[in-house]
């Protein structure tokens, strides 16, 4: 019978059971201790408890008083005998040791006969106590199997071996059969997966072809319907620009006039001047600021379009036409005169009254100009034309749409029936301004929309074949995206494939110099202001 003691150790959540049969047992954190315990709550190193064997049992010979040990919840004393079921603990350090004796005379359970411990259990306990890596359950199971093996007869063992061998072969055969069946199923599954993959590829190709066909059909429909859609959506944002300018003396600012008729007549008694036998024509007097002659005035028309906040984009030569007129330039040089705009208005479709137009910026190089109308007079019915200033917005072959007023009131008058046109001409034909006012009041100011394609392209010009004419200068040129990509400025009557427009990015630069902001920038600014306002309100309401 083995003599020793079993100690069950509990350190916080960590538990362990050990068997000891040494003459002297030391418990502590020191390397010389039989039972070494490492706990973060116990900083004291060394031996905490020391026991020695006495008369088949153990007694406590020394302990660390700093750890405040108790025995069965009572103060601990030296030289006390350790009995079965005793508990020595340092509760404040989380350390509890429970003791169980292997003595045949149990202090808890008494029997009339001798208490026997199975030999294999005793052997398991001894093996566990001497093993460096102790596993009580594993050791017990090993000894139990050894004891069981001794008790079983050879016949039973042979039968067991035969049954086990048969079971193993049966399992092997069953496993092989299952493996073969799984392999066949896997091969069939792979074949089916390959078929499905091919079908999916074919389906994907078919869907791709259908998608391309659908996209092509949509592009065709979009291209065919591009001009009508743009006319409906943005036609009311394209205006007819009408103005009048006169010539004034550069120094005095007085209007220049044509000379009175009698001033140009020659004295009949004065001989005609001769030069080398050639009869000279009568001398034509220049313009003057005196007299009652007719003032020198010219009216002009063109096209512009609304880009938001009352800003209108057009051509420079539309709002400053005298710079392109050689005859007017000659008159100004001869008379020391300059041009002065007397009246400049914008007529929008469906609006009977003109809106005063004020020039803000112009660019002589790119033939662009920017003006404004009173933002308070900009009706919600006047749309903002979207701008696409991207470098890839224009490309040769892409569809374009232009929308303007070529030929001015003459084309507008041609849109009504002959009887009405003759009546209007007879009534207002003498004054183009009066005619335009009548057309506006009767709702006949409608831009002409034509469609074509880009035929050539460079950094400063977009060449296209969308039909237009004089008066269409300043008209927006829409790209395939439905946004403005250029401003028309050149019209060629002999070659309809060579009409030209300035890329819209140059107009954007001019607009920004005039103080314009895009609708997206205005929306972002308003959103930021609302956010700041909400933050201020929140900060004010918070104590």
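The numbers here are math on the coordinates, done by the rules we state, and not lab data. As the structure is a computational prediction, the values presented were derived from the model and not from experiment. Using ideal geometry, Cβ is built from the backbone for each residue, glycine included, and neighbour counts are taken over all protein chains shown.
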Prolate/oblate/rounded label for segment 380-444 (Cα gyration tensor, a/c 1.5): prolate
Once label points are set 7 Å from the Cα along Cα→Cβ at both residue 536 and residue 498, what is their separation, rounded to one decimal in nm? 6.0 nm
Taking every eigenvalue of the Cα gyration tensor of segment 37-94, multiplying by 5 and rooting it, what semi-axes result, largest first, whole Å? 21, 13, 10
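Taking the number of other C-beta atoms within 10 Å as the exposure measure, put 212, 62, 246 in order starting with the fewest. Numbers along the way, then the final one.
Numbers: 212 10, 62 14, 246 17.
With the sparsest Cβ surroundings first, the list reads 212, 62, 246.
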Stokes-Einstein translational diffusion, segment 5-106 - Kirkwood Rh over all Cα pairs, 0.692 mPa s, 37 °C, in µm²/s: 241 µm²/s
What FRET efficiency, computed as 1/(1 + (r/R0)^6) with R0 = 25 Å and r the Cβ-Cβ distance, is obtained for residue 288 and residue 434, rounded to the nearest 0.05? 0.30
Residue separation times 0.36 nm, minus the C-alpha to C-alpha distance between residue 417 and residue 470: what's the value? 16.8 nm
Quick one: go through segment 39-59 and flag any residue whose amide nitrogen is under 19 Å from the point 7 Å out along the Cα-to-Cβ line of residue 81. 50-59
Can you bin segment 419-486 into rounded, prolate or oblate? Criterion: square roots of the alpha carbon gyration tensor eigenvalues sorted a ≥ b ≥ c, rounded for a/c under 1.5, prolate for a/b above b/c, oblate for the rest. prolate
Could you work out how far apart the two model spin labels at residue 181 and residue 330 are, taking each label as a point 7 Å from the Cα in the direction of the beta carbon, and quote it in nm? 11.0 nm
Fewest Cβ neighbours within 10 Å first, please rank 367, 214 accordingly. 214, 367
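Can you work out the FRET efficiency for the pair residue 374 and residue 251, with r the C-beta to C-beta distance and R0 = 30 Å, to the nearest 0.05? It would help to have the intermediate numbers written out before the result.
Working: r = 33 Å, r/R0 = 1.11.
Result of the calculation: an efficiency of 0.35.
Give me 419, 9 sorted ascending by neighbouring Cβ count inside 10 Å, so fewest comes first.
Details: 419 8, 9 16.
Ranking 419, 9 by Cβ neighbours within 10 Å, fewest first, gives 419, 9.
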Assuming R0 = 30 Å, what is the FRET efficiency of residue 513 and residue 215, from their Cβ-Cβ distance, to the nearest 0.05? 0.15
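Roughly speaking, what is the stretch gain from residue 356 to residue 165, that is 0.36 nm per residue apart minus the C-alpha to C-alpha distance, in nm to one decimal? If you can, show how the numbers build up before the last one.
On the way: separation 191, 0.36 × 191 = 68.76 nm, distance 10.96 nm.
Net length gain for the segment: 57.8 nm.
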Once fully extended, how much extra length lies between residue 233 and residue 198, figured as 0.36 nm per residue of separation less the alpha-carbon to alpha-carbon distance? 7.9 nm
For residue 24 paired with residue 72, estimate the spin-label separation in nm (one decimal), with each label point 7 Å from Cα along the Cα-to-Cβ line. 2.7 nm
